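All remarks here apply to the structure that follows.
The values are calculated or read from the model by the stated rules, or taken from the named source; none is laboratory data. If you're wondering where the values come from, they're calculated on a predicted model, not measured in any experiment. Here the Cβ positions follow ideal geometry from the backbone for every residue, glycine too, while neighbour counts run over all protein chains shown.
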Amino acid sequence: MPLIDKRIVKHVALLSRLELNDRELELYSSQLASIIGYISKLNEIDTTNVPPTSHAASNLKNVFRKDVLRQSLDIKDVLSNAPARYDNFFKVPQVIEGK
Amino acid sequence: MREDENRYETVIGLEVHLQLKANTKAFCGCSTLFGQKPNSQTCPVCLGFPGSLPVLNEEAFYSAVKVALALNCKIQDLIKFDRKNYYYPDLPKNFQISQYDMPLSYDGAIYITSGPEKGRKKIRIKRVHLEEDAGKLLHPEGANYSLVDYNRAGIPLLEIVTEPDINSPQEAYDYLTRLKAILEYLKVSDCDMEKGSLRCDANISIRVAGTDKLGTKVELKNMNTFKGVRLALEYEAKRQIALVEEGEKITQETRLWDAEKSLTTPMRTKEEAMDYRYFPEPDLVPFQVDKAVIEKIRRELPELPEAKAKRFSSEYGLSEYDANVITGQLEMADYFEECAKIYQNRKTIANWLMGDITAYLNAENLTIKQIGLSPSDLVGLFNMIDEGTISGKMAKEVLIEAMKKGIKPAEIVERRGLSQISDTAALERVVDAVLARNEKSVDDYRKGKKNALTYLIGQVMKDTNGTANPALVNVILKRRLGD
Amino acid sequence: MAELFSLTGHDLLRRIERGEVASSSILDSVFARIDRVDTKVNAVVKVNRQQSDIAPKTGRLAGIPVLVKDNICVKGEETTCSSRILEGFRPPYDATVVKKLKDEGALLIGKANMDEFAFGSSCETSCYGPTRNPWDLERIPGGSSGGSAAAVAADETIMALGSDTGGSIRQPAALCGVVGLKPTYGRVSRYGLIAFASSLDQIGPITKDVEDAALLLGVIAGYDEMDSTSVDVPVPDYTRSLQKDVKGLRIGVPREYFVKGIDPEVEEAVRRGIEVLKELGAKVSEIHLPHTEYAVSTYYIIGPAEASSNLARFDGVQYGYRDKDADNIIDMYVRTRSKGFGAEAKRRILLGTYCLSSGYYDAYYLKALKVRTKIKEDFDEAFRSCDCIITPTSPTPAFKIGEKTGDPLSMYLSDVYTIPANLAGLPAISVPCGFSSEGLPIGLQIMAKPFDEETIFRVAYTFEQATDWHKRKPML
């Protein structure tokens, strides 16, 4: 079974909200296949009972902030980059209800 | 149809989302105040602006621990946050900081009582975890655009998930009521479904009673009141039973409750399978709560509804049912105790609170704190009844007026001249006048027509505008009539 | 007298202090240099000539021009990560490092070119076009902080900030013949750095010599309450570590870094560099880092996975580019992202999404996190017997523009020596240690224990003082 093929790349593109044309699909499928072929090298290592490291600063724990108000952004700064706005809202093309 | 329905059992799991009360959001210092100008309570962090980073609110974290302990959960040894990845415009980063495989807590339970005759039932809590709320979307009528307000984005949210231990819509309602009571006791949330600070989704399936195999599960969303949850579940159970009875399959889907039409409809979704791609949130570090700290928090938990109900039974002699009802709301329980301190007949307090007062509060959608009737006012009213100053019937009228207008009962009685005439000399004068103009009735009475007395009492009450002490009138009349 | 633009920061600070130069003349000199050479180098994507306040300031970098990589937020200045998807984005806030620079009087002269979202080792994936290596304009400057390194090498700035996720500071520093330091993970706040891979990213200095690196790190380092992963360790005065003394210092040289794929000229230059330190009294021994060969694989799972999530926010809703033709939200996401991201960004998003997706998570992402543990353990073990580790920074000198764009995997493999320090969170520096026969710079990498930047500075400074590679300048 190939580790990755066009069908999977298509699905992954959908999850990533990317649209690939046929040429891109072809190209990425073959490039990703070779990259994934290479990274599958990790299977050579026995990692039974090895804990995962998701942080480089692995001994850091319990970093909190106090529940103290900070100044929010000026609303003008919140919206100054907005591609479209309406009143004080960000405006987007219609959302078809349903997550 | 009824018989068919009884063949089936409903299996329900509830997922409650609760906004935790805190000054600031879960991961930034923006205010959590409700109802402010759109996007006025946002910063680079809760807007998910490029380069911004989350830092966890300590208060929210320990509130969550408190809730978990109150729901009898175990606290995870090492608590980790994860990213839940999906695209939606109310989600500023297109991922939600949530918890996946190492949630804050797990394996809890609470107990519900469904009515005076039923026993306790255990509802297991699968997990309680902390996450961030999303923003709000508006869809203006008829417009081809939507609007986004991120004020709500990042508010600390607790997800409380039950095991599928709930077997009827009423049990779901009872669970929610009990959960809400516990949360109110902890003072960790407004628990206001209308403002969205408490939200509830449900999973429901049906199966032939007595069998083990779970049916196809349907997720219900968009219920805005506890009653709505009950109605939606009732509707959905009927719908599923009808389908199965007709030999049709139930589709695994999410359905939305339409409160106006009282029905559920399937939610439109893209056919793409959901894949949240959870992975450890690299911008946050893990969290750990020392055993000693957990014990300290546990010890410092306030008395919770169940314990309070037990105490009310033993300390004040309330029936188990009354104690449960009274302790169902912290404000009510506190109110009862304030009254109980200064008034000995606790059953009377409970009856009035559960009767006329609750009826009024429900009708007006108010809480006991919102009406201007202090416990000492209410006890004052009881005392007036006990002393014979007013009749029980009149007391009810006075109570309603007091609650409506926020005036002290004593003042109402005084102002309206409602206190009973218990002055014997004054009453004797009225009685004499009544007897003088009702010779026939006097004759009838003396001839043995005992109900003539009732008529004469009525005349005295009429002459005194109802303020005469009926017991005293009775005594004087009988004396005058030579009994 | 040398042109002001060609001087180091510490030299200029002394001249300013003595009243010999004014910061306005330094600025003029640097801007004139940019005008003269940047059309060739393309290192600077935005020049901020409106220096609101060039009156003498106080602070450790008062009057010193600093160029900032385009993935670090500067309030009100366009910050794009060299990506079309962020076009026009002006952050409403300063990154913590930027705030610190401003507080110390540094002059932020503009933004440096980079690989789009720091995805690359060649600075060829920028939406502003490739940056060119000042030593050979046909070649790449390295990446992703290629603009920062090339600008320092070409004297278009006095100092620069880069960011390093898998070698993005050190590799371009090596290829451009300048000094580049990736601090310990947690040493410098990431607040305001537009994330590539949150568990690997660090901001660090790219400078003309080691002393400037120490000076600049001293300013930007430190705990930040806005970054949960920044560590509350006191910041030493790094300039005190600038001592010419490596006597008795134990240097480990990992065998696994001198294997197939290394350019013989690179190996020779690095080995000669190690000899220099040995002659100065350091004790050199061979060590083993057995999981080195798995570092690239591990990195190309973790990095893209985190990136795929970090880059999900670029959707056209709040800022940056938006495709205006979409009539519903999903369409807008897809069109905006498909047009806004370049090819390498798409490739990494796809790769990362794949590694996290249901059915593949355990095989790739979780596996990589576990191998990451093994790689970290290799270093823990190694540092029991040595104080620092010396390796080449990059297996080859700068390659030709376009040489590797068709073969992403071969591009990825050029990070082989720099990636391990990111996975383990270690500090590492690249310092110039020679030139190839074609006249291209070669870098030597020094790694140390977490939060032991002082040892790095001591070794690097000793080496630099004993050699003069850092004094050579490209002809432009």
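Could you figure out which of (1) on the phi > 0 side of the Ramachandran plot; (2) without any contact (Cβ under 8 Å) to a residue 60 or more places away in the chain; (3) crowded, with 16+ Cβ neighbours inside 10 Å isn't true of B:G135?
Result: B:G135 fails condition (1) only.
I'd like the full set of residues that are more than 14 Å from chain A (Cβ to nearest Cβ) and not hydroxyl-bearing (S, T, Y), limited to the stretch C:371-389.
Pass one, the stretch C:371-389, residues more than 14 Å from chain A (Cβ to nearest Cβ): C:381-389.
Listed by number, the residues that qualify are C:E381, C:A382, C:F383, C:R384, C:C386, C:D387, C:C388, C:I389.
Looking at the stretch A:28-49, which of its residues are buried (at least 16 other Cβ atoms within 10 Å of the Cβ), more than 8 Å from chain C (Cβ to nearest Cβ) and either at pLDDT below 95 or within 18 Å of C:Y299 (Cα to Cα) (or both)?
Selection gives A:A33 alone.
In contact with a Cys (Cβ under 7 Å, 6 or more places away or on another chain) and of a type in the set (S, T, Y) - does that describe any residue in the stretch B:186-196?
no
Within the stretch C:214-225, is there a residue that is surrounded by fewer than 15 Cβ atoms within 10 Å (Cβ to Cβ) and of a type in the set (A, V, I, L, M, F, W, C)?
So far as the stretch C:214-225 goes, no, none of its residues is surrounded by fewer than 15 Cβ atoms within 10 Å (Cβ to Cβ) and of a type in the set (A, V, I, L, M, F, W, C).
Can you tell me how many residues in the stretch B:379-401 are hydrophobic (A, V, I, L, M, F, W, C) and touching a residue at least 40 places away in the same chain (Cβ under 8 Å)?
4
Among the residues of the stretch A:19-41, write down those that are among the aromatic types (F, W, Y) and more than 19 Å from the chain's Cα centre (by Cα).
A:Y38
Taking the stretch C:31-48 only, how many residues are more than 20 Å from C:E138 (Cβ to Cβ) and basic (K, R)?
2
Go through the stretch C:436-472 and count every residue that is surrounded by fewer than 16 Cβ atoms within 10 Å (Cβ to Cβ), part of a loop (DSSP other than H, G, I, E, B) and out of contact with any helix residue (DSSP H, G or I) (no Cβ under 7 Å at 6 or more places or on another chain).
The total comes to 4.
Is it true that some residue in the stretch B:267-280 is within 30 Å of A:S16 (Cα to Cα), touching a residue at least 24 places away in the same chain (Cβ under 8 Å) and not in a loop (DSSP other than H, G, I, E, B)?
Within the stretch B:267-280 (the criterion being within 30 Å of A:S16 (Cα to Cα), touching a residue at least 24 places away in the same chain (Cβ under 8 Å) and not in a loop (DSSP other than H, G, I, E, B)), the answer is yes, since at least one residue qualifies.
Within the stretch C:220-270, take every residue that is in a loop (DSSP other than H, G, I, E, B) and small (G, A, S) and give me the one that is modelled with the lowest pLDDT.
Restricting to residues being in a loop (DSSP other than H, G, I, E, B) and small (G, A, S), the top hit is C:G261.
Out of contact with any strand residue (DSSP E or B) (no Cβ under 6 Å at 6 or more places or on another chain) and aliphatic (A, V, I, L, M): does that describe C:L444?
For C:L444, the condition - out of contact with any strand residue (DSSP E or B) (no Cβ under 6 Å at 6 or more places or on another chain) and aliphatic (A, V, I, L, M) - is not met.
Which residue pairs have Cβ atoms closer than 7 Å, lie 6 or more positions apart in sequence or on different chains, and pair a first residue in the stretch B:318-332 that is at pLDDT 90 or above with a second residue that is basic (K, R)?
Correct list of pairs: B:L318/B:R346; B:T327/B:K308; B:E331/B:K369.
Just checking, how many residues over the stretch C:417-435 are assigned to a strand (DSSP E or B) and either touching a Ser or Thr at 6+ places or on another chain (Cβ under 8 Å) or closer than 23 Å to C:K40 by Cβ (or both)?
The number of residues fulfilling the criteria is 5.
What's the number of the condition B:A410 fails, among (1) part of a helix (DSSP H, G or I); (2) modelled with pLDDT of 85 or more?
That leaves (2) as the condition not met.
Show the residue pairs that are 6+ apart or on different chains and have beta-carbon atoms under 7 Å apart, the first residue being within the stretch C:290-302 and touching a residue at least 24 places away in the same chain (Cβ under 8 Å), the second being hydroxyl-bearing (S, T, Y).
C:T292/C:Y257; C:V296/C:Y412; C:S297/A:Y38; C:Y300/C:Y412; C:I301/C:Y364; C:I301/C:Y365; C:I302/C:S199
Which residue, of B:V16, B:V67, B:V45, is modelled with pLDDT of 95 or more and part of a strand (DSSP E or B)?
The unique qualifying residue is B:V16.
Only one of these conditions is not met by A:R17: (1) surrounded by 16 or more Cβ atoms within 10 Å (Cβ to Cβ); (2) closer than 30 Å to C:T184 by Cβ; (3) within 7 Å of chain C (Cβ to nearest Cβ). Which number is it?
In the conditions (1) surrounded by 16 or more Cβ atoms within 10 Å (Cβ to Cβ); (2) closer than 30 Å to C:T184 by Cβ; (3) within 7 Å of chain C (Cβ to nearest Cβ), A:R17 misses (2) alone.
Restricting to the stretch B:204-262, name every residue that is closer than 23 Å to B:L179 by Cα and of a type in the set (D, E).
Residues satisfying the conditions are B:E219, B:E234, B:E236.
Out of all the residues in the stretch C:172-202, which are within 14 Å of chain A (Cβ to nearest Cβ), hydrophobic (A, V, I, L, M, F, W, C) and under 27 Å from C:Y461 (Cα atoms)?
Passing the criteria: C:V188, C:L200.
Hey, can you tell me all the residues within the stretch A:59-99 that are within 27 Å of B:K80 (Cβ to Cβ) and more than 8 Å from chain C (Cβ to nearest Cβ)? Spell out how you get there, then give the answer.
Restricting attention to the stretch A:59-99, the residues satisfying the condition of being within 27 Å of B:K80 (Cβ to Cβ) are A:59-68, A:70, A:99.
Across the stretch A:59-99, the qualifying residues are A:N59, A:K61, A:N62, A:F64, A:K66, A:D67, A:V68, A:R70, A:K99.
Which of the residues that make up the stretch C:183-233 are more than 20 Å from C:S148 (Cα to Cα) and over 16 Å from the mean Cα position of the chain (by Cα)?
Of everything in the stretch C:183-233, those that are more than 20 Å from C:S148 (Cα to Cα) and over 16 Å from the mean Cα position of the chain (by Cα) turn out to be C:G222, C:Y223, C:D224, C:E225, C:M226, C:D227, C:S228, C:T229, C:S230, C:V231, C:D232, C:V233.
Residue by residue through the stretch C:310-333, note down the ones that are under 27 Å from the mean Cα position of the chain (by Cα), crowded, with 24+ Cβ neighbours inside 10 Å and of a type in the set (S, T, Y).
Of everything in the stretch C:310-333, just one residue is under 27 Å from the mean Cα position of the chain (by Cα), crowded, with 24+ Cβ neighbours inside 10 Å and of a type in the set (S, T, Y), namely C:Y319.
Just to check your reading of the model, which residue among B:G154, B:G142 is within 14 Å of another protein chain (Cβ to nearest Cβ) and touching a Cys at 6+ places or on another chain (Cβ under 6 Å)?
B:G154
Could you look through the stretch C:372-406, keep only residues that are aliphatic (A, V, I, L, M) and in a loop (DSSP other than H, G, I, E, B), and pick out the one that is farthest from the chain's Cα centre (by Cα)?
C:I401
Can you find a residue that is surrounded by fewer than 23 Cβ atoms within 10 Å (Cβ to Cβ) and outside any loop (DSSP other than H, G, I, E, B) anywhere in the stretch B:21-34?
Yes: one or more hits.
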